[in-house]
Amino acid sequence: MNTTILRKTALGIAGLAFTGGILAGPATHAHATTPTGVTTTIQADKPAKDKLIPHGVQGDQSRIDLDDEQTANVKAIIAATKKTGMDERAAVVSIATALQESKLENLGHLGDRNDHDSQGLFQQRPSSGWGTVEQITDPEYATTAFLKALKQVDGWQDMPLTKAAQTVQVSAYPDHYAQWEQQAADLVTDHWNS
């Protein structure tokens, strides 16, 4: 075969691959250093939607804009989830629960507006054994406590989100967790690899 045609074909394929990569855009990037000290960029995949929302969303979905504090709490929930060795679905359940319970705000005692002695992201109660006020208002501790309870729910991975969250939380409004599933999944997609 003619070397000129072979070279043009190889360059054309390389150009298409390069252009396709630029046009498609990477999901996220991570940097790694080789043993020779050269830094390379590695594309990290975002979590798959069917893993984050395996049952599809249930009912109408709600969404709120997050401020810096709420976004920091999302990142704290994700970090605690990773630290416990649980997956992205556990983070979705946790974030949706915290969206319902506190709108991702680390709430202290609210006086007459408080539900008993509930506090923190998950509105956990010291009187119910979740921990001290200082513990349950620490996002890492509160998330770890929530996830520890979630692990005790047989088959939580295969349950609709609202059933898994309700089994842990025992809320007077058991179906309200479902409305936050899409936003929780979007937040996990956005922050899992960051």
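Structure above, values below:
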item: Accessible-area composition of the range 116-170, carbon plus sulfur, in percent [1.4 Å probe]; result: 49 percent
item: Approximate spin-label separation ALA72-VAL133, in nm, with each point projected 7 Å along Cα-to-Cβ; result: 2.1 nm
item: Sequence-separation-based contact order of the range 107-194, relative, with Cα cut under 8 Å and 6+ spacing, percent; result: 15 percent
item: Amide H partners (placed H, <5 Å) of GLN124, local residues excluded; result: GLN119
item: Per residue, in Å², the accessible surface of the range 61-186 once ligands and nucleic acids are set aside, probe 1.4 Å; result: 47 Å²
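The values are calculated or read from the model by the stated rules, or taken from the named source; none is laboratory data. What you are looking at is a predicted structure, and each value in this text was computed from that prediction instead of being measured. Cβ atoms come from the backbone with ideal geometry, glycine included; neighbour counts cover every protein chain shown. All accessible areas refer to the heavy atoms of the entire protein, side chains included, with ligands and DNA or RNA removed. Shrake-Rupley method; radii C 1.70, N 1.55, O 1.52, S 1.80 Å.
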